């Protein structure tokens with residue numbers, strides 16, 4: 001039997017199950033009562049891992065949640081087609097397929113052979129956890145113009161091989177590989 005987690009024990013980036021659905025805690029805020037006899041409340045900003053919907057909810061400190069039957073599987077991105085995104089489980093070599101709507105904008109971080117962790121809930125793939133950085137190639141960017149830095153605009157727009165658009169420093173040219181933060185979608189350096 002899975003152990004129970006109290007709402008007061010939930011920390012940022014933890015997973016928990018509520019009403020047979022897995023959730024990921026994005027932010028947590030505990031408000032302690034000022035009056036005697038008041039209840040401690042826990043406000044959690046959470047993401048539904050099945051629908052990717054994000055919302056806030058407030059719980060009493062003693063509310064209990066189950067630990068989800070959530071397994072992270074090391075996988076390699078293979079390809080995308082009309083059925084969705086296909087990954088290969090690195091242990092069983094089985095192909096895991098995620099629907100096109102499951103990844104949303106995160107699909108712009110996928111490049112050939114990228115190693116990720118696929119989340120499986122009750123045995124079914126439901127989402128992807130990316131590494132902190134991904135390396136992508138710059139396919140289009142304006143040439144940097146001398147003197148642009150005087151106005152404080154020391155970055156320019158760049159389109160990457162997956163269609164993702166980010167801001168890069170002026171010295172980055174087309175054809176170069178850059179690192180991108182997967183959480184913030186910002187330039188993290190040359191690859």
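In the set (1) surrounded by fewer than 17 Cβ atoms within 10 Å (Cβ to Cβ); (2) touching a strand residue (DSSP E or B) at 6+ places or on another chain (Cβ under 6 Å); (3) at pLDDT below 90, residue 127 fails one condition alone, (1).
Residue by residue, here is whether (1) within 21 Å of the chain's Cα centre (by Cα); (2) more than 22 Å from residue 131 (Cα to Cα) holds:
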site	(1), (2)
6	no, yes
12	yes, no
27	yes, no
60	no, yes
77	yes, no
81	no, yes
84	yes, no
94	no, no
98	yes, no
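Determine, yes or no, whether residue 62 is out of contact with any strand residue (DSSP E or B) (no Cβ under 7 Å at 6 or more places or on another chain), more than 27 Å from residue 185 (Cα to Cα) and surrounded by fewer than 13 Cβ atoms within 10 Å (Cβ to Cβ). The answer is no for residue 62.
Considered as a group, the residues in segment 37-64 that are in a strand (DSSP E or B) and in contact with a helix residue (DSSP H, G or I) (Cβ under 7 Å, 6 or more places away or on another chain) include one that is farthest from residue 109 (Cα to Cα), and that residue is 60. Residues that are over 27 Å from residue 5 (Cβ atoms) and not in a strand (DSSP E or B) within segment 65-104 comprise 82, 83, 90, 91, 92, 93, 94, 99, 100, 101, 103, 104, listed in sequence order. Residues in segment 77-92: is at least one under 23 Å from residue 180 (Cβ atoms) and assigned by TED's automatic domain parsing to the domain that holds residue 26? No: zero hits.
Counting the residues of segment 1-40 that are surrounded by 15 or more Cβ atoms within 10 Å (Cβ to Cβ) and without any contact (Cβ under 8 Å) to a residue 24 or more places away in the chain gives 3. Just one of the listed residues (185, 177) is surrounded by 11 or more Cβ atoms within 10 Å (Cβ to Cβ), at pLDDT 90 or above and at positive phi, namely 185.
At pLDDT below 90, over 24 Å from residue 14 (Cα atoms) and touching a helix residue (DSSP H, G or I) at 6+ places or on another chain (Cβ under 8 Å), is that true of residue 80? No, not satisfied. Within segment 106-117, can one find any residue that is free of Cβ contacts under 8 Å to residues at least 24 places away in the same chain and under 20 Å from the mean Cα position of the chain (by Cα)? Checked segment 106-117: no residue is free of Cβ contacts under 8 Å to residues at least 24 places away in the same chain and under 20 Å from the mean Cα position of the chain (by Cα).
The values are calculated or read from the model by the stated rules, or taken from the named source; none is laboratory data. What you are looking at is a predicted structure, and each value in this text was computed from that prediction instead of being measured. Ideal geometry is used to build each Cβ from the backbone, glycine not excepted, and the neighbour counts take in all protein chains shown.
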